[in-house]
Amino acid sequence: MQYKKIAIVANSTWNIYNFRQELIKLLKHEQYKIIVIAPVDEYIHYLNGTYFTKHIALQHLNAQSGNPIQDLRLIYELYKIYKVEKPDLVIHFTIKPNIYGSIAASLLKIKSISNVTGLGYTFVNQNKLNILLLNLYRFAFKSCRTVVFHNNEDAALFKQLHIVRAEQVKVIEGSGVNTDFFHPRENKKHAHFTFLFVGRLLKDKGVQEFVQAVKRCRPIIKNAEFWMVGQLNENNPGSIKKMDLLNWVEQRIIKYFGADKNIKHYLSQADVLVLPSYREGMPKAVLEAMAMGKVIITTDVAGCRDTVVHGKNGFLVPAKDDVSLSELMVKLYQLSDEEIQKMGDMSRDIAEQRFDIKIILSQFLEMVNHCLNEDFKNTNTISIPKESIFE
């Protein structure tokens, strides 16, 4: 029997480790042959637990680089890999694989699925790169069999901007959360009411709003603690400054625990998860916190608002509004243990009913099976023009 081959492509092994392991295991269980294509980093140890998946290291993918020559090299590198490996389907994740991988797959008339898991820095911050990115998306997505979005608003925006056609669009609510692993901790006991921020330390994640809100409410709720867990990467144009983080820690505004992999440990100790993001696909940290029965404060923006029923399992606050955020933090601090427990229970119910990994993966598997087993005719094959679009 000839098993069909699926290639999964992302901009880092970190992405594979944190978001794609369950998908890989499911597809292998369904008798698909899987290869993973991504730059290698310290998270390559994911291979220890995914049934000896073949991993091909990308040499020319730099997620932060805007060098058009390097991007052209990436297209050529992916083209060569796809030509040798001959996958029946390529599933792309993250911006550069979505764009350049789709182009490479189209040149070889290979079916591809792109996943827009969030709109990222360039969409949140309007600039010249935004216009270039829109045009690259339009060009690349012409040939995609399906483009997956994590929320309806991102899908609607891409249709409105004529980046995708309606028949290409599929909405799957995030990457899912393992509700067996992330579950409420019984009889949590600690001395302080704790607000927790989890995420990369980027401005568009609302890090500065979180800190300003802490400054405002700390004099009122003196017995609360404010924790922050996440990676600081100053190479990212949207990153906060290292000196700002140092000042926050030295002034005891927050407790910072670094980019710890054991998020479950911190969630188990927290009472409220706070994510004042400017826009998300479907925030993983929020889903994990909900599965553990935590109250959520997040922003009334795309992706974030899909996780909260205002006043039931948490509260929605306007983006970039640290005053409203601080008021809600004080309000939650002043609720009774019974009220906090009731809201946390609602979070757990929503996580189980909508975001459980089994629900999400079943939708993804159905899409993959349909794509591979239908009589697919690609009428939008890309050909590279003589004058490069990257010039």
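Need a quick list: strands (runs of 3 or more DSSP E) entirely within the range 128-226 having at least 2 residues that are of a type outside the set (Val, Ile, Thr). Write out each step before concluding.
Working: elements: 146-149, 169-171, 193-198.
Once the strands (runs of 3 or more DSSP E) in the range 128-226 are filtered for at least 2 residues that are of a type outside the set (Val, Ile, Thr), what remains is 193-198.
Looking at the range 246-268, which of its residues are under 22 Å from the mean Cα position of the chain (by Cα) and in a loop (DSSP other than H, G, I, E, B)?
Phe257, Gly258, Ala259, Asp260, Lys261, Asn262
Every residue in the range 282-307 that is surrounded by fewer than 24 Cβ atoms within 10 Å (Cβ to Cβ) and free of Cβ contacts under 8 Å to residues at least 24 places away in the same chain, please.
The answer is Asp300, Arg305.
Identify all residues within the range 217-239 that are under 21 Å from Ala285 (Cβ atoms), within 19 Å of the chain's Cα centre (by Cα) and either not assigned by TED's automatic domain parsing to the domain that holds Phe197 or not small (Gly, Ala, Ser) (or both); write none if there are none.
Met228, Val229, Gln231, Leu232, Asn233, Asn236
Please work out which residue is surrounded by the fewest Cβ atoms within 10 Å (Cβ to Cβ), limiting yourself to the range 131-148 and to residues that are β-branched (Val, Ile, Thr) and in contact with a helix residue (DSSP H, G or I) (Cβ under 9 Å, 6 or more places away or on another chain).
So the first thing to find is which residues in the range 131-148 are β-branched (Val, Ile, Thr), and the list is 131, 146-148.
Those left that are additionally in contact with a helix residue (DSSP H, G or I) (Cβ under 9 Å, 6 or more places away or on another chain): 146-148.
Working: Thr146: 19, Val147: 26, Val148: 23.
Ranking the candidates gives Thr146 first.
Give me the pairs: first residue in the range 46-71 and closer than 18 Å to Gln31 by Cα, second residue loosely packed, with under 13 Cβ neighbours inside 10 Å and modelled with pLDDT under 70, beta-carbon distance under 7 Å, and six or more apart or on different chains, which are they?
none
Can you tell me which residue is surrounded by the most Cβ atoms within 10 Å (Cβ to Cβ) among those in the range 332-373 that are of a type in the set (S, T, N, Q) and farther than 19 Å from Tyr32 by Cα? Steps first, please.
Our first condition is that a residue be of a type in the set (S, T, N, Q); within the range 332-373, this holds for 334, 336, 341, 347, 353, 362-363, 369, 373.
If we keep only those that are farther than 19 Å from Tyr32 by Cα as well, we get 334, 336, 341, 347, 353.
Details: Gln334: 11, Ser336: 8, Gln341: 14, Ser347: 27, Gln353: 10.
The qualifying residue surrounded by the most Cβ atoms within 10 Å (Cβ to Cβ) is Ser347.
Of everything in the range 276-291, what is over 12 Å from the mean Cα position of the chain (by Cα), under 21 Å from Gly238 (Cα atoms) and not hydroxyl-bearing (Ser, Thr, Tyr)? Give them in sequence order. Reasoning before the result, please.
In the first step, residues of the range 276-291 are kept if they are over 12 Å from the mean Cα position of the chain (by Cα); the result is 276-278, 288-291.
If we keep only those that are under 21 Å from Gly238 (Cα atoms) as well, we get 276-278.
Listed by number, the list holds a single entry, Pro276.
Against the conditions (1) at pLDDT below 95; (2) assigned by TED's automatic domain parsing to the domain that holds Ser347; (3) touching a Pro at 6+ places or on another chain (Cβ under 9 Å), where does Asn125 fall short? Just the number, please.
(2)
Check whether at least one residue in the range 146-158 is more than 28 Å from Leu365 (Cβ to Cβ) and either modelled with pLDDT under 95 or basic (Lys, Arg) (or both), and report yes or no.
The answer is no, given that none of the residues of the range 146-158 is more than 28 Å from Leu365 (Cβ to Cβ) and either modelled with pLDDT under 95 or basic (Lys, Arg) (or both).
Which of the residues spanning the range 178-235 are buried (at least 18 other Cβ atoms within 10 Å of the Cβ), farther than 28 Å from Leu23 by Cα and of a type in the set (Gly, Ala, Ser)?
Gly206, Ala213, Ala224
Can you say whether Ser239 is of a type in the set (S, T, N, Q) and touching a residue at least 60 places away in the same chain (Cβ under 8 Å), as far as the supplied structure shows? Reasoning before the result, please.
Working: of a type in the set (S, T, N, Q): yes; touching a residue at least 60 places away in the same chain (Cβ under 8 Å): no.
No: the conditions fail for Ser239.
Listed residues Ala104, Ala10; which is small (Gly, Ala, Ser), in contact with a Phe, Trp or Tyr (Cβ under 6 Å, 6 or more places away or on another chain) and over 25 Å from Leu287 (Cβ atoms)?
Numbers: Ala10 fails: over 25 Å from Leu287 (Cβ atoms).
Exactly one residue qualifies, and that residue is Ala104.
I'd like the full set of residues that are at positive phi and either polar (S, T, N, Q) or in a helix (DSSP H, G or I) (or both), limited to the range 77-123.
Thr94, Gly120
Working carefully through the options Asp321, Asp337, find the one that is in the same structural domain as Val295 (by TED's automatic domain parsing) and under 25 Å from the mean Cα position of the chain (by Cα). Reasoning before the result, please.
Values: Asp337 fails: under 25 Å from the mean Cα position of the chain (by Cα).
After applying the criteria, what remains is Asp321.
Matching residues to (1) at pLDDT below 95; (2) of a type in the set (Val, Ile, Thr); (3) outside the structural domain of Ile220 (by TED's automatic domain parsing):
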{"site": "Thr307", "(1), (2), (3)": "no, yes, no"}
{"site": "Gly311", "(1), (2), (3)": "yes, no, no"}
{"site": "Leu316", "(1), (2), (3)": "no, no, no"}
{"site": "Glu327", "(1), (2), (3)": "no, no, no"}
{"site": "Arg348", "(1), (2), (3)": "no, no, no"}
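For every residue, the table says whether it meets (1) touching a Lys or Arg at 6+ places or on another chain (Cβ under 8 Å); (2) crowded, with 17+ Cβ neighbours inside 10 Å.
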position	(1), (2)
Asn18	yes, no
Tyr32	yes, yes
Asp41	no, no
Tyr46	no, yes
Lys86	yes, no
Ile95	no, yes
Gly101	no, yes
Leu108	yes, no
Ile113	yes, yes
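The values are calculated or read from the model by the stated rules, or taken from the named source; none is laboratory data. Just so we're clear, the structure is a prediction, and the values are computed from it rather than from any experiment. Positions of Cβ are backbone-derived with ideal geometry, glycine not excepted, and every protein chain shown enters the neighbour counts.
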